[in-house]
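Remarks on the structure that follows.
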Amino acid sequence: MDLKSELLKSIWYAFTSLDVERCGKVSKSQLKVLSHNLYTVLNIPHDPVALEEHFQDDDDGPVSNHGYMPYLNKYILDKVKEGMFDKERFDDLCWMMTMKKNFNVTPQRLSERDCFKLFCLFNLLSEDTYPLVMIAEEVEYLLKKICTAMSQEWDGKPLEDLISQDPTVQEEGMSVWTFLEQMSTGQLLRVTSAEAFSLALHEVFLEMYHNVLKRGYMWKKGHMRRNWTERWFVLRSSSMAYYVSEDLKDKRGEIQLDRSCVVEPVPDREGKRCLFCVKTHNKTYEMSASVQRQKVEWTQAIQTALRLQREGKSSLHQELKLKRRVQREHSNRERSRSARSSCSSRSSQSDDSSFQEMERMEKEKQDLEIESIIQHARELEIRRRESEERERRKQREVQMDLERQLKEAEMMRDSMQAEIQEKERKAEQQKRRIQELELTQQKLEAALNMEIQARLEEERARQELERLLEAEEEKKRQFQILQEQEKILQRFSSTCEASNGTVDETTPSALYSASVELRNLQASRKRSHQHLEEMQERLRNASQHVRHWNVQLNRLMTPITPAERLESRLQSKFTCPKKEGALASNEFICKYKIRNEQNNRMLGDDSEKLEVQLEANCLSQESGC
């Protein structure tokens, strides 16, 4: 059956669904909507005025099926090419249009999607005459396929009961709505599990409707990296596609099959067994099956696809359908011939023996068919068990992977919690350090203020001491001058006896007052010196406080590790202490002390001399008196 005949079956359902009055005619507006939808789903450029131009000579009344067919063939079906549209989407459109009118969606055992798949399979196996019906033999064939996919033994009693109750099913066939109603109520097939039925129906749907000859996991050798990777293969009559997994979301490549392709076995190597290859005109694809039986099944399925390519056929089940039809016609002819021969020569023994021989041959043929079906069912059961085992193994791997990911997530969560706690602890330490920094900075500022104040007071005391030293020097010069004058007066005392009273009164009194002032200045100088030492001591204490809080502030600003502390100790041995401000001020104080002691020693000697001279003057004055 060609593509146009397949499309016409679904379009016939859509057209009849628009015939509300069941008169065989549909209005032009409805045909416009139907044509527009067909243009869209078949990916054909729209021609909105073609319908009006085609029926411009007709009246405004509805158009019959025979009147719509020329337009449908000319503007739609003749432009359709295989591969340019999605046939399942096209059938889904026609199913949605006809299902609402003809099929009552009540609570039932089958889902709407399962009903759509049965609708598509019905159209595939139905006869080519209208109205579309499926004969009992094709119904039985489809039910056996579903039972085999469910790993369930075929029970033909429900179908026999239906045929005995309604003989028209055997004579005329069964419509799609009767078929769906019988399937939904469970009168044709006893279904124990709706899920198992859906899976089996999906398997049959892929095989018959989508022409999937075989599918499953195999290992494939790469062309670039030359490594082995497990892929999900889907074999059709024209191609062999492979995906990452069976959800068909990530397609990794496709092997185009043509008449030049060959499939050959390959010896086991590289740790792989059950090897075979598919050779195209430019590449060689190496694959590895899990067991030997799967290797044989895959090679046979690929050889079947290559045979269909050489014969120019696109569907295996279309070919099988034609073969079954030819066999039925041949059986009918044989039955009619045997019936005529038995009626004409019942008395002949030879005719009886030939009839018995034909029956025996027919029975043997049926037994062979039953044996092949049983063998096929056993293979499907083994395949199902292997797929279940593979699914369980895959689920265990997924579960182990999820457990591993859960453990990694828990470990990551624990590490993140520990990291958060560590960061909180560091933040708390940083907060305490900032508080200590602020407090240390305040204390350092107070110590700096104290040092500045001590330096100012020390400077004032030093200036006062310098002033007193200058005054003492001045008094020393005056005292020396008075001493020299006294010596001169003693030399010339004999010549100055007349004026001795005035000299004896003024000179000793001036010398005595100078000595008193000098003593007072020395006492003031000692007090200023003591005050200066006190100020220097305060300055040293303030400098030590500043240095202490400066060290604390540096320690808080840049915490010292043990290695850095050792390195700082080693570097401190080669550091000049004069570069530090506090040590420089101490050095100045030491130098000033040495200088002050020298001055004090000189002044002490001078003061002793003055005291001796004063005592001598006093003794001379007393003797004169």
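The values are calculated or read from the model by the stated rules, or taken from the named source; none is laboratory data. Quick caveat, the model's predicted, so the values are computed rather than measured. In this analysis, Cβ positions are derived from the backbone assuming ideal geometry, glycine residues included, and neighbour counts consider all displayed protein chains. The protein model used for the area step is the full one, side chains on, heavy atoms only, and it has no ligands, DNA or RNA in it. Shrake-Rupley method; radii C 1.70, N 1.55, O 1.52, S 1.80 Å.
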Report summary line: Only one of Q552, Q536 is closer than 26 Å to Q442 by Cα, open to solvent by less than 60 Å² (accessible area, probe 1.4 Å) and at pLDDT 80 or above, namely Q536
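Can you find a residue in the stretch 110-121 that is on the phi > 0 side of the Ramachandran plot and modelled with pLDDT under 85? Before you say what the answer is, go through the steps one by one.
Pass one, the stretch 110-121, residues on the phi > 0 side of the Ramachandran plot: none.
No, the stretch 110-121 has no match at all.
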Query raised in the report: If only one of R393, R404, R383 is modelled with pLDDT of 75 or more, touching a Gly at 6+ places or on another chain (Cβ under 9 Å) and either within 30 Å of D247 (Cα to Cα) or outside any helix (DSSP H, G or I) (or both), which one is it?
Result: R383
Query - Filtered residue count, the stretch 320-345, keeping only those that are at pLDDT 75 or above, aliphatic (A, V, I, L, M) and closer than 20 Å to K363 by Cα - result: 1
**Report entry** Residues that are surrounded by fewer than 19 Cβ atoms within 10 Å (Cβ to Cβ) and assigned to a helix (DSSP H, G or I), drawn from the stretch 187-203
**Finding:** A194, E195, A196, S198, L199, H202
Query raised in the report: What is the residue count in the stretch 295-319 for residues that are modelled with pLDDT under 80 and on the phi < 0 side of the Ramachandran plot?
Result: 7
Query raised in the report: Consider L583 against the criteria (1) modelled with pLDDT of 80 or more; (2) closer than 21 Å to A447 by Cα: it satisfies all of them except one. Which criterion is unmet?
Result: (1)
Query raised in the report: What about E140, is it open to solvent by 20 Å² or more (accessible area, probe 1.4 Å) and either more than 30 Å from M69 (Cβ to Cβ) or in contact (Cβ under 8 Å) with a residue 60 or more places away in the chain (or both)?
Result: yes
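Quick check on this structure: which one of R259, R273 is touching a Ser or Thr at 6+ places or on another chain (Cβ under 9 Å), open to solvent by 30 Å² or more (accessible area, probe 1.4 Å) and charged (D, E, K, R)?
R273
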Requested in this report: State all residues of the stretch 206-249 that are under 16 Å from F276 (Cβ atoms), open to solvent by 20 Å² or more (accessible area, probe 1.4 Å), under 33 Å from the mean Cα position of the chain (by Cα) and among the hydrophobic types (A, V, I, L, M, F, W, C); if no residue qualifies, say none.
Outcome: W219, W228
Requested in this report: Could you please tell me which pairs satisfy a Cβ distance under 8 Å, a separation of 6+ or placement on different chains, a first residue in the stretch 185-198 that is farther than 11 Å from I146 by Cβ, and a second residue that is among the basic types (K, R) and part of a loop (DSSP other than H, G, I, E, B)?
Outcome: T185/R109; G186/R109; A194/R109
Requested in this report: Quick one: which residue in I135, I146 is out of contact with any Lys or Arg (no Cβ under 7 Å at 6 or more places or on another chain) and under 18 Å from H376 (Cβ atoms)?
Outcome: I146
Requested in this report: Residues being in contact with a Ser or Thr (Cβ under 9 Å, 6 or more places away or on another chain), within 22 Å of A305 (Cα to Cα) and outside any strand (DSSP E or B): count how many of those fall in the stretch 209-226.
Outcome: 1
Query - Residues of the stretch 206-228 that turn out to be within 14 Å of L142 (Cβ to Cβ) and out of contact with any strand residue (DSSP E or B) (no Cβ under 9 Å at 6 or more places or on another chain), as a count - result: 2
